[in-house]
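The next block holds one structure in the form of structure tokens; read it before the comments.
The values are calculated or read from the model by the stated rules, or taken from the named source; none is laboratory data. As the structure is a prediction and not an experimental result, all values here were calculated from the model. Neighbour counts are summed over all protein chains in view; Cβ atoms, including those assigned to glycine, are modelled from backbone coordinates with ideal geometry.
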Amino acid sequence: MGSGSSKMSKDEFNKLKDETHFEKREIHQWYKGFMKDCPTGSMSKEDFQNIYRQFFPFGDSSAFSEFVFNVFDKDNNGLIDFKEFIKALSITSRGTLEDKLIWSFELYDIDGNGRISYQEMLSIVTAIYKMVGTMVKLPEDESTPEKRVDKVFSRMNKTKDDELTLEEFRIGSKADPTIVSALNLYDGLV
């Protein structure tokens, strides 16, 4: 998937239409832009990090963008091709809450073992805090990554085993209005 070719067939466009929340003309527009920015047909981790730097100029987005890159790069070849890009964009911008929760779970489940450990969540939350820098004023009980993760785990980890299952993550996320709001942040923007 990540090897990327310079041309996509009509069948490939039709398949992407069926697999995403985009219309065929939108996929064509995204494809043209992607190929303009990535003429090789794929985006490297460095390219991806440069894009994040533009959106978060006042913080350090390198760690977080690497985590996101790894979720986009479904075939784990170190590159994001157009198909990987458009499918992830579809989920994050137009997917259902359920789609977004599964995608987010994959982001936090760094080692891919089907569970989010306390340390994995701490790694992601620390990266988010570094990325937003001082742009966001946080309540005292979330003023550090550790406090935020402690708060999340105290609400979500019903088995108290310092790991979250997908089900615990889904139920806990749906019960937290700030998480639901964050997951729906990009709705309608794309």
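Tabulated data
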item	result
Unique match (being closer than 21 Å to L107 by Cβ, not in a helix (DSSP H, G or I) and not small (G, A, S)) among D47, D60	D60
Pairs with Cβ under 7 Å, 6+ apart, first in segment 127-139 and under 11 Å from F56 (Cα atoms) and not assigned by TED's automatic domain parsing to the domain that holds E66, second surrounded by 16 or more Cβ atoms within 10 Å (Cβ to Cβ) and among the polar types (S, T, N, Q)	M131/S61
Any hit, segment 112-123, residues being out of contact with any Asp or Glu (no Cβ under 8 Å at 6 or more places or on another chain), modelled with pLDDT of 95 or more, small (G, A, S) and part of a helix (DSSP H, G or I)	yes
Among the candidates N14, N50, N77, residue that is of a type in the set (S, T, N, Q) and closer than 24 Å to Y129 by Cβ	N50
Failed item in (1) farther than 17 Å from A127 by Cα; (2) surrounded by fewer than 19 Cβ atoms within 10 Å (Cβ to Cβ), with F34 passing the rest	(2)
Members of segment 65-90 found to be closer than 27 Å to R25 by Cβ and without any contact (Cβ under 8 Å) to a residue 60 or more places away in the chain, listed by number	V68, V71, F72, F85, A88
Odd one out for F105 among (1) touching a residue at least 24 places away in the same chain (Cβ under 8 Å); (2) out of contact with any strand residue (DSSP E or B) (no Cβ under 8 Å at 6 or more places or on another chain)	(2)
Flag if T92 is over 18 Å from the mean Cα position of the chain (by Cα), of a type in the set (V, I, T) and either in a loop (DSSP other than H, G, I, E, B) or at pLDDT below 95 (or both)	no
Filter result for the condition that a residue is outside any helix (DSSP H, G or I) and not assigned by TED's automatic domain parsing to the domain that holds M35, over K74, K151, K158	K158
Residues (part of a helix (DSSP H, G or I), modelled with pLDDT of 90 or more and of a type in the set (A, V, I, L, M)) located in segment 161-190	L166, I171
Residue pairs meeting the criteria (Cβ under 6 Å; at least 6 apart or on separate chains; first at pLDDT below 90, in segment 1-26; second assigned to a loop (DSSP other than H, G, I, E, B))	M1/D75; G2/D75; G2/N77; G4/G41; S5/G41; S6/G41
